[in-house]
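Engineer: Once you've had a glance at the structure underneath, I'll fire off some questions.
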Amino acid sequence: MPHHPSHRLDPRNPLVLDTRELGRRPGSMRPVQLSAPAPEGLGIVDLIGVPVGAELVLDLRLESVMDGVLVSGVVTAPVSGECGRCLDDVSDTLAVRIQELFVYPEASTDHDADDEVAQLQGDHLDLTSTLRDAVVLALPLTPLCSEDCQGLCATCGERLDDLPDDHSHQETDARWGALAGLLQQTDPASREET
Ligand SMILES: [Zn+2]
Ligand SMILES: [Zn+2]
């Protein structure tokens with residue numbers, strides 16, 4: 001085995017592509033269309049992301065270049081998360097453009113290894129980190145159920161969009177409420193009743 005075991009890629013992983021058919025002649029190209037279940041980590045924890053196992057659709061082009069294989073194309077994936085204002089479920093479809101050069105092992109330098117330049121392992125390349133970086137960058141920092149989501153009522157915590165326009169709470173401070181109760185007790189009319 002020419003490669004270190006920790007670098008060996010699993011060819012059964014659908015995000016690991018075999019570049020043998022492409023050949024190493026610069027300029028040769030091959031379209032690749034595939035779908036794969038989403039791996040973990042395609043998102044921002046507890047906020048928004050591609051659910052693990054959801055179907056990713058990859059429409060890619062592999063291109064042989066001087067130092068390696070250039071992968072470019074579009075990945076489409078469902079995303080789900082929580083509205084940053086009202087906490088309602090948000091779901092959407094994300095289409096992200098990706099582009100990454102996977103360098104031939106013999107063309108990569110020590111410097112590349114330090115910079116974590118994507119590398120081919122033998123004839124295989126692994127798209128997982130490329131996807132992760134592209135998807136996480138493309139996700140909204142504040143996902144919203146709709147652009148004009150009103151958020152939650154500060155008093156009752158209900159979604160304002162679900163409440164009538166004139167929704168309001170009596171602006172009675174708790175202390176005033178207690179005082180109102182006292183006044184009622186000392187009111188001669190109410191005392192008569194007890
Ligand atoms: Zn919302
Ligand atoms: Zn309210």
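The values are calculated or read from the model by the stated rules, or taken from the named source; none is laboratory data. It should be emphasised that the depicted structure is a prediction, and the values quoted were computed from it without experimental measurement. Here the Cβ is made from the backbone with ideal geometry for all residues, glycine too, and neighbour counts use every protein chain on show.
Engineer: Can you confirm whether the stretch 154-174 contains a residue that is in contact with a helix residue (DSSP H, G or I) (Cβ under 8 Å, 6 or more places away or on another chain) and modelled with pLDDT under 95?
Structural biologist: yes
Engineer: Take the conditions within 30 Å of Gly151 (Cα to Cα) and either modelled with pLDDT under 95 or in contact with a helix residue (DSSP H, G or I) (Cβ under 9 Å, 6 or more places away or on another chain) (or both) and apply them to Glu82. Does it pass? Give the steps one after another, and end with the answer.
Structural biologist: Working: within 30 Å of Gly151 (Cα to Cα): yes; either modelled with pLDDT under 95 or in contact with a helix residue (DSSP H, G or I) (Cβ under 9 Å, 6 or more places away or on another chain) (or both): yes.
Considered against the rule, which asks whether it is within 30 Å of Gly151 (Cα to Cα) and either modelled with pLDDT under 95 or in contact with a helix residue (DSSP H, G or I) (Cβ under 9 Å, 6 or more places away or on another chain) (or both), Glu82 comes out as yes.
Engineer: State which residue is surrounded by the fewest Cβ atoms within 10 Å (Cβ to Cβ) when the search covers only the stretch 56-104 and only residues that are over 26 Å from Arg24 (Cα atoms) and acidic (Asp, Glu).
Structural biologist: The extreme case among them is Asp89.
Engineer: Considering only residues that are more than 10 Å from ligand 2 (Cβ to nearest atom) and assigned to a loop (DSSP other than H, G, I, E, B), which ones fall in the stretch 148-163? Spell out the reasoning first.
Structural biologist: Within the stretch 148-163, the first condition is being more than 10 Å from ligand 2 (Cβ to nearest atom), and the residues that meet it are 148-151, 161-162.
Passing the criteria: Asp148, Cys149, Gln150, Gly151.
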